[in-house]
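Enquirer: Dumping the structure here so I can ask a few things about it.
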Amino acid sequence: MTNILILGANGQLARNTTRMLLDGTDANLTLYLRRASRLANLAPERVRIVDGDVLDTAVLRLAMAKQDVVYANLSGDMARQARSIVDAMHAAGLKRLIFISSMGIYGEVPGEKYRSVLDPYRDSAALIEQSDLDYTILRPGWFTHDAEVNYQLTRKGEPFKGHDVSLNSLSDLIVKLASDPALHARQSLGVSSS
């Protein structure tokens, strides 16, 4: 049985992925977020909710105990958050990280010029790529609420294809990555609908 720590657990994508993990796997989940009272625990036999800030490395290390996978879905000071995650994972002896970033961080979207709005995503991805973790960085397109699961992947250095991706598609990929620690390890993947 896999134990998965979800950082930023109240985000739209994280909530959708939590639902898919509970429906499609037997994983135990630790939902980590500021103001934990915002989430109801719908599956107390498999879900633990932790009130914490990713920048509080001591609390984060405690939450990482006995985890197999860390899935981070964050915003804000992402470089500091990435550094805190990497340090806490080292302290806990964890290797598998799934980290949500954004399309465009490498200038890979044809015809688009993204400026400073992507700096936090670029900086955090660079820190993770320099680590020795078994990371997978996901760079999704804009989220849609289409029910279908339909996506394509591009690797770092390849032009990004498409523009949008459904939440269900991205959650499906995250579930697969969390279930197979070797799948797309040490890769940065663009994700869009096919």
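The values are calculated or read from the model by the stated rules, or taken from the named source; none is laboratory data. The model shown is predicted, which means the values in this text are computed figures rather than measured ones. Backbone-built Cβ (ideal geometry, glycine too); neighbour counts: all protein chains shown.
Enquirer: Do we have V109 as farther than 23 Å from T57 by Cβ and not small (G, A, S) here?
Expert: For V109, the condition - farther than 23 Å from T57 by Cβ and not small (G, A, S) - is met.
Enquirer: Still on this model: For the stretch 107-119, check the following and say yes or no: at least one residue is closer than 28 Å to N28 by Cα and among the hydroxyl-bearing types (S, T, Y).
Expert: No: the stretch 107-119 contains no residue that is closer than 28 Å to N28 by Cα and among the hydroxyl-bearing types (S, T, Y).
Enquirer: Across the stretch 121-166, which residue is modelled with the highest pLDDT among those that are part of a strand (DSSP E or B), farther than 14 Å from G104 by Cβ and hydrophobic (A, V, I, L, M, F, W, C)?
Expert: Per the criteria, the residue is L153.
Enquirer: Related question: Kindly provide the set of residues from the stretch 173-194 that are over 20 Å from A125 (Cα atoms) and either hydrophobic (A, V, I, L, M, F, W, C) or surrounded by 18 or more Cβ atoms within 10 Å (Cβ to Cβ) (or both), ordered by number.
Expert: Residues satisfying the conditions are V175, S193.
Enquirer: Quick check on Q81: is it in contact (Cβ under 8 Å) with a residue 24 or more places away in the chain, farther than 25 Å from A182 by Cβ, surrounded by 16 or more Cβ atoms within 10 Å (Cβ to Cβ) and among the polar types (S, T, N, Q)?
Expert: Judged against the criteria, Q81 is a match.
For every residue, the table says whether it meets (1) surrounded by fewer than 17 Cβ atoms within 10 Å (Cβ to Cβ); (2) among the charged types (D, E, K, R); (3) touching a residue at least 40 places away in the same chain (Cβ under 8 Å).
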| site | (1), (2), (3) |
| --- | --- |
| M1 | yes, no, no |
| G8 | no, no, yes |
| L13 | no, no, yes |
| T18 | no, no, no |
| N28 | no, no, no |
| R38 | yes, yes, no |
| L42 | yes, no, no |
| I49 | no, no, yes |
| D53 | yes, yes, no |
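Enquirer: Can I ask one more? Mind checking which residues of the stretch 74-101 are closer than 16 Å to I137 by Cα and at pLDDT below 95?
Expert: S75
Enquirer: Hey, P120 hits all of (1) of a type outside the set (F, W, Y); (2) in contact (Cβ under 8 Å) with a residue 60 or more places away in the chain; (3) in contact with a helix residue (DSSP H, G or I) (Cβ under 9 Å, 6 or more places away or on another chain); (4) farther than 19 Å from I4 by Cβ but one; which does it fall short on?
Expert: The single condition P120 does not satisfy is (2).
Enquirer: When you go through D87, D134 one by one, which is the residue that is more than 14 Å from the chain's Cα centre (by Cα) and either in contact (Cβ under 8 Å) with a residue 40 or more places away in the chain or closer than 20 Å to L7 by Cα (or both)?
Expert: After applying the criteria, what remains is D87.
Enquirer: If you don't mind, another one. Output the qualifying pairs, or none if there are none: Cβ atoms under 8 angstrom, residues six or more apart or on different chains, first residue in the stretch 97-108 and among the charged types (D, E, K, R), second residue part of a loop (DSSP other than H, G, I, E, B).
Expert: E108/K156; E108/G157; E108/E158; E108/P159; E108/F160
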